[in-house]
Amino acid sequence: MNYSNSIEAFEKAYQVIPGGVDSPVRAFKSVGGTPLFIDRGEGGYLYDIDGNRYIDYVQSWGPLIFGHCDKDIQDAVMGAVQNGLSFGAPTTIETNLAQEIVSLFDVIDKVRFVSSGTEAVMSALRLARGYTGRDDIIKFTGCYHGHSDSLLVQAGSGAATFGNPSSPGVPKDLTKHTLLATYNDIASVRRCFEESADGVACVIIEPIAGNMGLVPASEEFLKMVRQLCDEHGALLIFDEVMSGFRASLTGAQGLTMVKPDIVTLGKVIGGGMPVGAFGATAEIMGYLSPEGPVYQAGTLSGNPVAMAAGLASLRKLKSHPALYVTLGNRAKRLMKGFKDAADSVGIPLVTEVRGSMFGLFFSPDKITNFEEALKNDTAKFAKFHKGMLDHGICLACSSFETGFISSETSDEMIEETIRVAYLVMQEIKGNQVEE
Ligand SMILES: *Cc1c(COP(=O)(O)O)cnc(C)c1O
């Protein structure tokens, strides 16, 4: 594969954009090499500016469940563009999209649109704090909820459950209200509730974690988290920015009986345009301005072009109920293929599938939380990623990311990917012997 145009473009970008990218994960830091500069997408394929073609399992990190350049979404966007790009005033299309979401999620009576997942989660936290009159929140290590201050938190020293900032620029005074629990470990959640002096406003969780690799929460665990929230008068927030419309039409909520109080959505909801949303019962949402006292706003919120893309993509999803079965089967076939390829050369690999989401770890053991995820063989993943890329398969450039199947990822593409995986696993094994 020749990457010379991408390498040159990256050097230029580096001069004027920090790290050459507008979001750090794009920089290929954990796998080495240069990020691909993209020329265009087409269905299940991605083309870089060197003219290389890749089968795309990143799909813009989740949003593109219908692949690139979906005709229905494009038509809706073109139509909206012709009427104007933004008004800063209500349009009926916002109501239409809200109605679709309300009809899908039984815990949502009302929904507010924002422009990113980060914004959705940040606003949902403020709402939970305003509603309960409490400051403390509980989050799980390894779950990602965007880059707002309260959530850029890492474990403190010793046994303390109160978080420390994970980035310079985040005040300690803010993260001291964020308590850190261990995913799939209910005792750690109980401990957080006990350690909170002034009460917990909410527990926020990715019910299917997709940002430490793909690590689902067990049904039993979610049930007990729900119970603890009820006992303590705290709200439960399901962050389904990634899993929403991905794990199933209604995300994790379609796969578990556990019901959250607030849901955050993003990625697929915008069909490739910048959209986020958060929703809850009418009572909770009634706390939001202008109905209630909790302030939240956005100049481009509910942008008509973005709403048009979201509406077209949600309506298309609703009218293809069998899609998730197809995507799930393809994801399972792909992961079985990867697993068989690894087995064939004796490399330990564990895989996971939820709907159109898939994950793999170079690890002998099943992964249930972040601490375990950290033990995966990232060096092996880097080799795997590079090998696959060189053969025209684009996987997310970190072992802590989730992969995605779109409606345009055909059975043939899956089989082609598996063929390449056998080759690459053999290459990895061969290198190992030489070392
Ligand atoms: C991607 C993601 C976010 C952040 O969304 P942005 O649109 O990148 O701001 C929040 N929560 C989860 C679970 C995500 O996967």
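Details
- Test result for Val258, in a loop (DSSP other than H, G, I, E, B), within 11 Å of the ligand (Cβ to nearest atom) and either assigned by TED's automatic domain parsing to the domain that holds Gln99 or among the basic types (Lys, Arg) (or both): no
- Within segment 46-71, being free of Cβ contacts under 8 Å to residues at least 60 places away in the same chain and not in a loop (DSSP other than H, G, I, E, B) holds for Tyr47, Asp48, Lys71.
- When residues of segment 177-217 are limited to those that are under 25 Å from the mean Cα position of the chain (by Cα) and without any contact (Cβ under 8 Å) to a residue 40 or more places away in the chain, the one nearest to Val258 (Cα to Cα): Ala217
- Residue match in segment 269-282 (condition: among the β-branched types (Val, Ile, Thr), outside any loop (DSSP other than H, G, I, E, B) and within 18 Å of the chain's Cα centre (by Cα)): yes
- When each of Ser356, Ser399, Ser410 is tested for being of a type in the set (Gly, Ala, Ser) and surrounded by fewer than 19 Cβ atoms within 10 Å (Cβ to Cβ), the lone residue that passes is Ser410.
- Breaking point among (1) over 21 Å from the mean Cα position of the chain (by Cα); (2) part of a helix (DSSP H, G or I), for Tyr324: (1)
- Of residues in segment 139-164 being away from the ligand (no atom under 16 Å from the Cβ) and surrounded by 18 or more Cβ atoms within 10 Å (Cβ to Cβ), the one modelled with the lowest pLDDT: Thr161
- Within segment 48-60, the set of residues being surrounded by fewer than 18 Cβ atoms within 10 Å (Cβ to Cβ) and within 16 Å of the ligand (Cβ to nearest atom) comprises just one member, Ser60.
- Exactly one residue out of Thr326, Thr351, Thr378, Thr368 is closer than 18 Å to Gln59 by Cβ and either of a type outside the set (Lys, Arg) or modelled with pLDDT under 95 (or both), and it is Thr326.
- Filtered by the rule that a residue be touching a helix residue (DSSP H, G or I) at 6+ places or on another chain (Cβ under 6 Å) and not in a helix (DSSP H, G or I), segment 1-24 gives Met1, Val21.
- Taking segment 77-184 as the region of interest, none of the helices (runs of 4 or more DSSP H) fully inside it holds 3 or more residues being not assigned by TED's automatic domain parsing to the domain that holds Pro293.
- Scan of segment 185-221 for residues that are buried (at least 18 other Cβ atoms within 10 Å of the Cβ), away from the ligand (no atom under 16 Å from the Cβ) and in a loop (DSSP other than H, G, I, E, B), ordered by number: Ser196
- Condition check for Glu371: surrounded by fewer than 21 Cβ atoms within 10 Å (Cβ to Cβ) and either over 24 Å from Arg246 (Cα atoms) or among the polar types (S, T, N, Q) (or both): yes
- Restricting Lys339, Lys386, Lys375 to those that are in contact (Cβ under 8 Å) with a residue 40 or more places away in the chain and at negative phi reduces the list to Lys386.
The values are calculated or read from the model by the stated rules, or taken from the named source; none is laboratory data. As the structure is a prediction and not an experimental result, all values here were calculated from the model. With ideal geometry, Cβ positions are generated from the backbone for all residues, glycine too; neighbour counts draw on all protein chains shown.
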